[in-house]
Amino acid sequence: MWYMNHYNGMIRNPQGKIWLDQGWCIGSAGIAWGIVRFQGDLSAFFGAVPTLICCLIGGTMAGIAVAEIRSNEIKEVKESEVKELRVKELKKEVKA
């Protein structure tokens with residue numbers, strides 16, 4: 001989720017400003033709380049591992065989707081810049 005929201009810029013962070021991603025903090029605190037509450041019994045943790053793996057897979061898929069969206073946006077911007085340069089060159093040729 002961090003990768004999608006912050007690194008790829010789906011959530012824009014102003015330059016020089018700090019951001020706080022609470023997902024990791026909440027998740028690790030929940031796991032630690034569960035282990036302490038059940039007095040070190042890790043069987044409940046291992047029961048949650050499939051859910052954690054599914055979350056990781058979902059986050060990875062979201063990151064891939066955002067990377068594809070971003071690359072398409074960049075291609076569109078580059079194509080529009082190329083078109084603008086061609087128009088400028090044509091205008092120069094017409095004036096000459």
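The values are calculated or read from the model by the stated rules, or taken from the named source; none is laboratory data. Since the structure is predicted, the reported quantities are computational estimates derived from the model, not experimental observations. Because the Cβ atoms are built from the backbone with ideal geometry, glycine has one as well, and the counts that use them run over all protein chains shown. Keep in mind that these areas ignore ligands, DNA and RNA; they rest on the heavy atoms of the full protein, side chains included. Shrake-Rupley method; radii C 1.70, N 1.55, O 1.52, S 1.80 Å.
The table for this structure:
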item: Output for the range 31-58, where each listed residue is of a type in the set (D, E, K, R) and part of a loop (DSSP other than H, G, I, E, B); result: 41
item: Count of the range 44-67 residues which are open to solvent by less than 60 Å² (accessible area, probe 1.4 Å) and under 13 Å from the mean Cα position of the chain (by Cα); result: 7
item: Unmet requirement for residue 32, which otherwise passes all of (1) of a type outside the set (Lys, Arg); (2) modelled with pLDDT under 80; (3) surrounded by 10 or more Cβ atoms within 10 Å (Cβ to Cβ); result: (2)
item: Residues of the range 59-96 satisfying the condition of being part of a helix (DSSP H, G or I) and of a type in the set (Gly, Ala, Ser); result: 59, 62, 63, 65, 67, 71, 80
item: Residue in the range 68-76 that is touching a residue at least 12 places away in the same chain (Cβ under 8 Å), touching a helix residue (DSSP H, G or I) at 6+ places or on another chain (Cβ under 8 Å) and open to solvent by less than 100 Å² (accessible area, probe 1.4 Å) present; result: no
